[in-house]
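Accompanying notes for the structure given below.
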Amino acid sequence: MNALLRGAISGAIATVPMTVPILAAQRLGLFRTPPPEQISDKVAWYSNFLPERSEPGFTPVWLGAHLGYGAACGAIYTLARPVLPGPGPVAGVLFGGAVWGVGYLGFLPALDLYPAPEDDATPRTATMILAHAVFGIALATLDQRLRLRG
């Protein structure tokens, strides 16, 4: 299997376990709106071609954006993996942290899609760091299993 396709598949699938800590924190009342939902709402608001949501929860736009971003990050992981140190889970946590940093410290606040960590609630920031660590571990594990299957 092509490495980029393998990474994209792994990344899309890795968004599922990543979502668990996000939804758990929301259910515990640590925050109301999960970041992927808020980001997709902002994109819909800024663009005039995406429909705005009438009620909270999963939507095709939210889900598609989350899976698509995970797939893109997974493909990038396969390119970055040769230079990431350590075994799969270590490399995955490092990569997941980098994905969080590039997004939440970089382009999301710069594009006014999501507040910078210092402007966001601490529980939501901590949850997203944890979620990206889970994403990285799941991504690395899935990528390795698919690579070994040939």
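The values are calculated or read from the model by the stated rules, or taken from the named source; none is laboratory data. Everything quoted here is computed from the prediction, not taken from an experiment. All Cβ positions, even for glycine, are placed from backbone atoms using ideal geometry, and neighbour counts span all protein chains on display.
Couple of notes before you dig in:
- The range 17-33, residues that are farther than 16 Å from THR122 by Cβ and in contact (Cβ under 8 Å) with a residue 12 or more places away in the chain: PRO17, MET18, THR19, VAL20
- Scanning the range 111-150 for residues that are in a helix (DSSP H, G or I), under 16 Å from PRO36 (Cα atoms) and either of a type in the set (Ser, Thr, Tyr) or free of Cβ contacts under 8 Å to residues at least 12 places away in the same chain (or both) returns THR125, ALA126, THR127.
- Answer from PHE58, PHE49 - the residue that is at pLDDT below 75 and under 15 Å from THR15 (Cα atoms): PHE58
- Within the range 77-108, being surrounded by 15 or more Cβ atoms within 10 Å (Cβ to Cβ) and outside any helix (DSSP H, G or I) holds for one residue alone: LEU84.
- In the range 65-72, the count of residues that are in contact (Cβ under 8 Å) with a residue 60 or more places away in the chain, buried (at least 19 other Cβ atoms within 10 Å of the Cβ) and within 15 Å of LEU139 (Cα to Cα) is one or more.
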